[in-house]
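The values are calculated or read from the model by the stated rules, or taken from the named source; none is laboratory data. Because the structure is a prediction, the values reported are computed rather than measured. We place every Cβ from the backbone using ideal geometry, glycine too, and count neighbours over all the protein chains shown. Just so you know, the surface numbers come from the protein's heavy atoms only, side chains and all, with ligands and any DNA or RNA stripped out. Shrake-Rupley method; radii C 1.70, N 1.55, O 1.52, S 1.80 Å.
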Amino acid sequence: MERPHLWRACLLWAALALPALTADPLGLNEPRAFWPQLAGLGVLAAAVASARRQPGVAFGLTAVLSLFAAPALFTVSYGPALGVLALLLGLRSPRVLPAAALFAAVGGAGTAKVALVGVDPAAQWVVLTGTLLFGCVFPWLGGRYWRQSRELARAGWTRAARLEDEQRGAEERARLRERARIAQDMHDSLGHELSLIALRAGALQVAPDLPEGHRAAAADLRAAAADATDRLHRIIGVLREDDEPVPLSPPGESVEQLVARAAESGLPVCWQPAGSGTAGQPGSVAERILHRVVREALTNAARHAPGAPVTVAAAGEAGGTTVTITNGRATRPGSPSIGGSGLLGLRAAVTASGGDFEAGPHGDGFRVRAYVPEQPTPGAARTAAPSAPFTRARRRVAVAIGAAACAGVALVGGAFAWYAYTESHSVLQPAAYARLALGASVAEIAPALPDRTARDAPVERAPAPPKHADCRYYRASGELLVSVDHFRLCFDDEGRLVAKDVVPRAGLQADTPADTHEEFVR
């Protein structure tokens, strides 16, 4: 055992041994011989030594010691040790079943001893039950509550540290998302405009009335615009993250206006609204997502399938809008695809809003289809608060402690009331004792006697009784919880009073034998 633990164990043993050493001299217990007291101190030392690693063994040793000292389990000498070690059992043992089995075993052993050797079984069983609940179970529950409070405190500090880490991570992700948003906006807006510039330059290049020198300049302009678009695409691909849906800023135009502007730039595109289909409410999040889908699809069609006819169709559905952008086969060479992230960003944005996204080859061309609900609901992970299970556990322990406390108070109160009743009804007044005459029959002295005899009679301190005599003990005072003088009346087989004695309280001796012992002589 380490030195700090050894010092703490010695101090604990000294504190628990103090009641055992002082209870007898103070008259709180019936006096005992030296060897039982020494054995009790040794058992307490063994219990304290094992309390750190084996709290159940420590409590069991103390409970056995208490049962040997008193069938009702309650003693002033070992009661404090029983409560303290029950508290340590709840504090240091995480399991409930072994503790419950230990309490049940102590209760069963105490009940058996009370039934076999108890002077007043009913009253002693009530005291046993109250001591077990209020002096053992209640401290054990207090220890468990203390243990769970410490676990909650540790979990709280751990959660605070984790929340700080999550906050730093959230700030870093917010910074990266903002960077990705700027990159995506640059990619979508500038890439779309550069694609339209390249498209207009291509139309100018094939104009029949354009001089040859201007035709070459238009070709150079188209090539430069296409090259700038590719370089912009590569640069933006370094900045953005594919797995982060990007917030959208209002484009300032509707999907129909976007399609019309692309047609004016020379892109062979047509707008086909179906029935009551619209591309979302103006200015709504759904309209901005659809605008981005159409813009990206038109940009890809202009770059990778120049000259191919493009159709943009919008159809209203239950709770949302579906847009479909389909292009045919290219009529002239376009820019090669380098596996960009535009479609990945579209898929992330659409699915994050609760919609569906499809993109892939269709016939001789390519098709992009997206469904966006009218009221997008971005997914948010829901996690239960880690402190909820601990809070529920703390509430259950608090309720259990409260119930045990109420039951313990009721039982201990009932036991004390029964104890006060029995002790007060076993008092033989000194004046009545003095009037009792030796040789009188039981019937003659019965009116002067109380209706109950004394519990826990001081047989050890009384003188040897007459042979073949039935001796009864009565209290000389109604004081409770302290040792008092007792009167002993002994009757022969014929029911005559043959001896009367005064048994002094613990710690005192009789003044003279004549004052304390009277015996009838035939």
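Could you check LYS467 against (1) basic (Lys, Arg); (2) open to solvent by 50 Å² or more (accessible area, probe 1.4 Å); (3) at pLDDT 90 or above and say which number it fails?
For LYS467, the exception is condition (3).
Starting from residues that are open to solvent by 30 Å² or more (accessible area, probe 1.4 Å) and of a type in the set (Asp, Glu), keep the ones in the range 417-453 and report whichever is farthest from the chain's Cα centre (by Cα).
By that ranking, first place goes to GLU444.
Cβ-Cβ distance below 9 Å, separation of 6 or more or different chains: which pairs start in the range 460-472 with a residue that is over 16 Å from SER441 (Cα atoms) and end on one that is open to solvent by 80 Å² or more (accessible area, probe 1.4 Å) and part of a strand (DSSP E or B)?
These pairs meet every condition: PRO466/GLU519.
Taking ASP456 as the residue in question, decide whether it is open to solvent by 70 Å² or more (accessible area, probe 1.4 Å) and more than 24 Å from ALA70 (Cα to Cα).
Taking the combined requirement at face value, the residue does not satisfy it.
Kindly establish whether GLY507 is in a loop (DSSP other than H, G, I, E, B) and either modelled with pLDDT of 90 or more or open to solvent by less than 50 Å² (accessible area, probe 1.4 Å) (or both).
No, not satisfied.
Can you tell me which of PHE59, PHE34, PHE74 is buried (at least 23 other Cβ atoms within 10 Å of the Cβ) and either over 18 Å from GLN124 (Cβ atoms) or at pLDDT below 90 (or both)?
The unique qualifying residue is PHE59.
Which of (1) at pLDDT 85 or above; (2) surrounded by fewer than 17 Cβ atoms within 10 Å (Cβ to Cβ); (3) over 49 Å from the mean Cα position of the chain (by Cα) is the odd one out, the single condition GLY277 does not satisfy?
Just one mismatch for GLY277, condition (1).
Matching residues to (1) surrounded by fewer than 22 Cβ atoms within 10 Å (Cβ to Cβ); (2) of a type in the set (D, E, K, R):
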{"residue": "ARG292", "(1), (2)": "no, yes"}
{"residue": "GLU296", "(1), (2)": "no, yes"}
{"residue": "HIS304", "(1), (2)": "yes, no"}
{"residue": "ALA308", "(1), (2)": "no, no"}
{"residue": "ASN327", "(1), (2)": "no, no"}
{"residue": "ALA349", "(1), (2)": "no, no"}
{"residue": "PHE357", "(1), (2)": "yes, no"}
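Hey, does the range 366-382 have a residue that's at pLDDT 70 or above, loosely packed, with under 15 Cβ neighbours inside 10 Å and part of a loop (DSSP other than H, G, I, E, B)?
Yes - at least one qualifying residue is present in the range 366-382.
Among the residues of the range 310-329 satisfying the criterion of being in contact with a strand residue (DSSP E or B) (Cβ under 8 Å, 6 or more places away or on another chain) and not in a strand (DSSP E or B), which is nearest to ARG288 (Cα to Cα)?
Per the stated criteria, the residue is GLY319.
May I ask you to list pairs of residues, at least six apart or on different chains, whose Cβ atoms are under 6 Å apart, with the first in the range 341-364 being more than 16 Å from GLU287 (Cβ to Cβ) and of a type in the set (Ser, Thr, Tyr) and the second being modelled with pLDDT under 90 and not in a strand (DSSP E or B)?
Sorted first by the residue in the range 341-364, then by its partner, the pairs are SER341/GLY237; SER341/ASP242.
Return the residues of the range 421-479 that are of a type in the set (Lys, Arg) and part of a helix (DSSP H, G or I); say none if nothing qualifies.
Of everything in the range 421-479, just one residue is of a type in the set (Lys, Arg) and part of a helix (DSSP H, G or I), namely ARG435.
Just for the range 215-236: of the residues that are modelled with pLDDT of 70 or more and loosely packed, with under 13 Cβ neighbours inside 10 Å, which one is farthest from LEU258 (Cα to Cα)?
ALA216
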